[in-house]
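The values are calculated or read from the model by the stated rules, or taken from the named source; none is laboratory data. Since the model is a prediction, treat every value here as computed from it, not as a measurement. A quick note on method: Cβ atoms are made from the backbone with ideal geometry, for glycine too, and the neighbour counts reach across all protein chains shown. Only protein heavy atoms, including side chains, enter the accessible area calculation; ligands, DNA and RNA are left aside. Shrake-Rupley method; radii C 1.70, N 1.55, O 1.52, S 1.80 Å.
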Amino acid sequence: MTYIIPLIIILAIGGYFLYMKKSGKFDALGNNYVEAEKEATEKFDDYFKDFKNDPNTFKPIVDIVGGDFEAIASCKKPKSIVGAVADTAKTMLTGVVIENTNEHLLVLQNDKIHYIEYNTGSKTSAKHWEFRKQNINNFEFKKGQLTDNLNQSMSFKLKSGGESGDTQKNSDLHKLSFESKDKTYAFFVYDAVGFGAGFEVENKIGNMAMNQTKDDVLKGTLLPIKLGKLFFDKIKNFK
């Protein structure tokens, strides 16, 4: 009896994918991906320029940093070991998770790195740190290590349901670290970035209906990944 339910689920999933194949939706999605990849590659510079001119996408970031920028990335909110432990302890004691919904960004200019905590609603920066190249020492950009997980809130199940803390380990990300004016900074960087109107899609990627259009694939996946790659390439040559 215990095998019947899993068997039914497997058969249902198999039947669904067989239907998707016969209906041509697999092929249509594949074609949309190929076309989106071609457009993302050939017109990436145009899209990036448009995003920086769009007041509902990256234009507020241009205003915050005081001019054009070369690359942008999403990162985790900077947190020390002491801060991570304090956050974890507070959540364990109260059972309340305080979620910071702001975007945490690294913005690269020719001679500066900016960290911005950006509120997409007000289009303003709750926090803005600026680091000049001439003041930066011991610069490193490399894959996170297991010891870097000490700098994140512990993830654990809540009694009321859900999960607390950082669900993605720092060791799974890339770490940008350096010293500036006798202080040490570390940022854990994601490999894709996309927020604002320029990245809005009609059908989210991962939707089981597999009805994503070319624009859905382009804006929801490919452009964010290419923007992340641009930042990775640029930051490696910053110093």
>> Give me the residue from the stretch 206-239 that is within 16 Å of residue 39 (Cβ to Cβ) and assigned to a loop (DSSP other than H, G, I, E, B) and, out of that set, least open to solvent (accessible area, probe 1.4 Å).
In response: 212
>> Let me confirm something: among 69, 26, 17, 48, which residue is part of a helix (DSSP H, G or I) and either at pLDDT 95 or above or surrounded by 17 or more Cβ atoms within 10 Å (Cβ to Cβ) (or both)?
In response: 48
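If you scan the stretch 41-83, which residues turn out to be small (Gly, Ala, Ser) and over 18 Å from the mean Cα position of the chain (by Cα)? Working first, answer last.
The first filter runs over the stretch 41-83 and keeps only residues small (Gly, Ala, Ser), leaving 66-67, 71, 73-74, 80, 83.
Residues satisfying the conditions are 66, 67, 80, 83.
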>> Quick test of your reading of the structure: residue 162 fulfils all but one of (1) modelled with pLDDT under 95; (2) under 22 Å from residue 56 (Cβ atoms). Name the failing condition by number.
In response: (2)
>> Can you pull out every residue in the stretch 187-205 that is among the aromatic types (Phe, Trp, Tyr) and part of a helix (DSSP H, G or I)?
In response: 199
>> Quick check on the stretch 90-108. Is at least one of its residues touching a Ser or Thr at 6+ places or on another chain (Cβ under 9 Å), modelled with pLDDT under 85 and assigned to a helix (DSSP H, G or I)?
In response: yes
>> Quick check on residue 123: is it in contact with a helix residue (DSSP H, G or I) (Cβ under 8 Å, 6 or more places away or on another chain), more than 20 Å from residue 191 (Cβ to Cβ) and without any contact (Cβ under 8 Å) to a residue 60 or more places away in the chain?
In response: no
>> Every residue in the stretch 99-120 that is under 17 Å from residue 198 (Cα atoms) and within 13 Å of the chain's Cα centre (by Cα), please.
In response: 103, 105
> Within the stretch 127-146, how many residues are modelled with pLDDT under 95 and either farther than 25 Å from residue 238 by Cα or open to solvent by less than 50 Å² (accessible area, probe 1.4 Å) (or both)?
Replying inline: 2
